[in-house]
Amino acid sequence: MASWQRTHTCGELRAEHAGQAVVLNGWVNTYRNQGGLVFIDLRDRYGVTQVVFESERVELLKAAQELRSEFVVSIRGQVSRRLEGKENKDLATGAVEVKAHELTILNRCPTPPFEVTEFAAQELANEDLRLQYRYLDLRRPSLQRTLMMRHRLCKVIRDHLDQQGFLEVETPLLGRSTPEGARDYLVPSRVFPKSWFALPQSPQLYKQLLMVAGYDKYFQIARCLRDEDLRADRQPEFTQLDMEMSFVEMDDVFAVIEGLTSAVFQQCLGVSIPLPLPRLRYADAMLRYGNDKPDLRYGLEIAELSDLAAQTEFQVFRGTLESGGKVRGLNVVAAADKFSRKGLDELGEVVKRYNAKGLAWIKVEADKFTSPIEKFLPAPVQQALRERLSAKAGDLLLIVADKEDTVCQALGNLRAHLANVLKLIDPEKLDYKVAWVIDFPSFIRDEEENRWAANHHPFTAPMDEDLAKLESDPGSVRAKAYDLVINGYECGGGSIRIHNPDVQQRLFSVLGMSREQAQERFGFLLDALKFGAPPHGGIALGIDRWAMMLARTGNIRDVIAFPKNQKARDLMTGAPGAVDAKQLKELGL
RNA sequence: GGGGGCGUAGCUCAAUUGGUUAGAGUACCGGACUGUCGAUCCGGUGGUUGCGGGUUCGAGUCCCGUCGCCCUCGCCA
């Protein structure tokens, strides 16, 4: 063992170690030079320990005075209880310090481009600078805690699923491009010029083939790649817990995931999630929350007001209803005096951003409404509005009239905006609202291409009772599909698959795919279904988003060690970059 | 591709209506200091105001263009 190698980590030493000779390795977190006395806070992944250099060792003290932030050092010394009253209660190791006997500078460090040392309430440096020097940013304890939490998440998942009899199987990264879905990342083949592999958007087809192969309970923590634009919760390269089970229906998948959810929150955060998880029908979610991934930590539920709007003289409402639109609204309890005319205008801007034409508002008083549209609302309608929205004096009612999907979008986003400005979410509270969203429609209308498109994916089984309407009324067919929603994020989604080749073929037909086209694109799957495919279904959980929930961050880059920026560029390595002409030539490009 | 926000010292920010030599904290450098813990005190270095052009007697500030970063719409079966 080299003389500088550590005996303990920087998070380890306690009062009971007093008197022991130790060696610590780590980075200089802070230094406090007092002339005849130098203190160093030494940092590693496990914690921080104070090292003290005393005046008896003149040369050593002089060397310690040269130390700067982020130097990597080895300290040989003796653990010592701190002087009475000098303990640091903010530090796990604060009862002790290490009296240095020997200092080895393992590596020096220039002044870092930003401070690594973390303090409460400090402003972080620009994110692009921190991404450029990601290895420095990753030294920050808060980021280290986040990645440790992510490790814990994956560890709990693997242990739990192993106990439940699941088998982890890897599937290819180099696969075949399949149409529909996200844009593929493509990889050229050297051996077959002008031919391309696609990186997987998900292991979807492989896991179904594993079911055909009899593996029964499969999982994989799998990297997925989609060449689409990024968001705060979306990276081009992300990780799914991919799962599939044979001989199951929806309730079996729910039971497994609910057990897993409970284990994860209990073991990662000590939080109990009440089971069974609530189930929300898609149509109800859209009506009540304007969103298929509602944040259930606060109310502000949307109510249908179309029937009442029909009884008014307000042309905007009546015109909307006559052209098939909807009138819906929500009650912002006790908020009438929280929004000035200017504040209400800003709320109007929010809904306009989502294409709504405008926002009607009503300030509720004990015996009357104050509102620009009050004169159009007959007394019985006013009374009915009070009842429908449980309105009391001091409440603020907000109403949108438009096409149904516009109303949902506008009010759904308004709801989130209100929760934000009214601070309805306590960031300190470990509050998790987990729910299933079910009863999704199988198909959505692609108006541009004038055809039906798969809402989930084309291998999703329709509800048995809707099977007869597959050709006659595709829009009314519901799917055996389900999403798992946590605090307003879609954290998982899956379905029971079609295991019958005839049903699969009928579904392709609805999607406007001929037998030949289907064979061309998914022939291997259709063939496999013929060879004794068991009934099967599964789900994929977004590991990055789960990690965001557990780490309580809204930024997916916080839970990925080396993320891409919003343009899908790696600011640290500079990828993507040019390649040699020789490489291109070999690939026939 | 569209909308919004941002870009000033290594870092975080300020700079009245367009007006003197662009400031502060921190970091960094030098000095003092034997119980500090975001040490303290004294002194100092540090600026292509993202880049290019324009308007003006005068531009960090106004205009045009451009680059970069973040949020968002579209997109993400």
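Each reported figure results from applying straightforward, stated rules to the coordinates on display, with no laboratory input. The structure presented is a predicted model; accordingly, all values stated were derived computationally and were not measured. Please note: Cβ atoms are built from the backbone with ideal geometry, for glycine as well, and neighbour counts cover all protein chains shown.
Which angle from 0 to 90°, rounded to the nearest 10, does the C-alpha axis of helix A:515-530 make with the longest principal axis of chain A?
Orientation of helix A:515-530: about 70 degrees from the principal axis.
How high is the relative contact order of the range A:171-226? Use alpha-carbon pairs under 8 Å, at least six apart in sequence, and give a whole percent.
Over the range A:171-226, the number comes to 35 percent.
Here is the link list: A:Lys338/A:Lys433; A:Lys194/A:Lys585; A:Lys326/A:Lys469; A:Lys352/A:Lys403; A:Lys352/A:Lys433. Which ones come out longer than 19 Å on Cα distance?
A:Lys338/A:Lys433; A:Lys326/A:Lys469; A:Lys352/A:Lys433
For helix A:250-269, report the angle its Cα long axis makes with the longest principal axis of the Cα atoms of chain A; keep it between 0 and 90° and round to the nearest 10°.
Taking the Cα atoms of chain A, the angle to A:250-269 is about 30 degrees.
Hey, got the dipole for chain A? About the Cα centre, +1 on K and R Cβ, -1 on D and E Cβ, debye to the nearest 20?
Its charge dipole is roughly 1280 debye.
Do you know the relative contact order of chain A, to the nearest whole percent, from alpha carbon pairs under 8 angstrom that are 6+ apart?
13
Please work out the Cα convex hull volume for chain A and give it in Å³ per residue.
227
Using the Karplus equation 6.51 cos²θ - 1.76 cosθ + 1.60 (θ = phi - 60°), what ³J(HN,Hα) coupling, rounded to whole Hz, does each residue of the range A:111-124 give in order, writing x for Gly and Pro?
For the range A:111-124, the Karplus-derived couplings read 4, x, x, 8, 6, 7, 4, 9, 10, 4, 6, 8, 7, 6 Hz, x marking Gly and Pro.
Using Cβ contacts closer than 10 Å as the measure, can you line up A:Arg150, A:Arg451 from fewest to most?
On the way: A:Arg150 23, A:Arg451 13.
With the sparsest Cβ surroundings first, the list reads A:Arg451, A:Arg150.
Under 1.5 on a/c is rounded, so check that first for the range A:472-537, then, if it is not, pick prolate when a/b is larger than b/c and oblate when it is not; a ≥ b ≥ c are the square roots of the alpha carbon gyration tensor eigenvalues.
prolate
Taking A:Lys217 as the anchor, which lysines have their alpha carbon closer than 20 Å to its alpha carbon, excluding any fewer than eight residues away along the same chain?
A:Lys155, A:Lys207, A:Lys480
Take A:Thr49, A:Thr553, A:Thr370, A:Thr93 and order them by how many other Cβ atoms sit within 10 Å, fewest up front.
Fewest-to-most Cβ neighbours within 10 Å comes out as A:Thr370, A:Thr553, A:Thr93, A:Thr49.
When the dipole is taken about the Cα centre of the range A:267-387, and only Lys, Arg (+1) and Asp, Glu (-1) are charged at their Cβ, what size is it in debye, to the nearest 20?
Values: 18 positive and 16 negative charges, 60 e Å.
With Lys and Arg at +1 and Asp and Glu at -1, about 280 debye.
Using only Cα atoms, tell me the angle between helix A:379-388 and the longest principal axis of chain A; keep it within 0 to 90° and round to the nearest 10.
40
Going by a ≥ b ≥ c, the root eigenvalues of the Cα gyration tensor, does the range A:15-107 fall in the rounded group (a/c under 1.5), the prolate group (a/b larger than b/c) or the oblate group?
rounded
Sequence gap at least 6, Cα distance under 8 Å: using those rules, report the relative contact order of the range A:432-589 to the nearest whole percent. Let's see the in-between values first.
Numbers: 211 pairs, mean separation 28.5, N = 158.
Relative contact order, the range A:432-589: 18 percent.
Rg/Rh for the range A:210-343: what does it come to with C-alpha atoms and Rh from Kirkwood?
Computed over Cα atoms, the ratio is 1.11.
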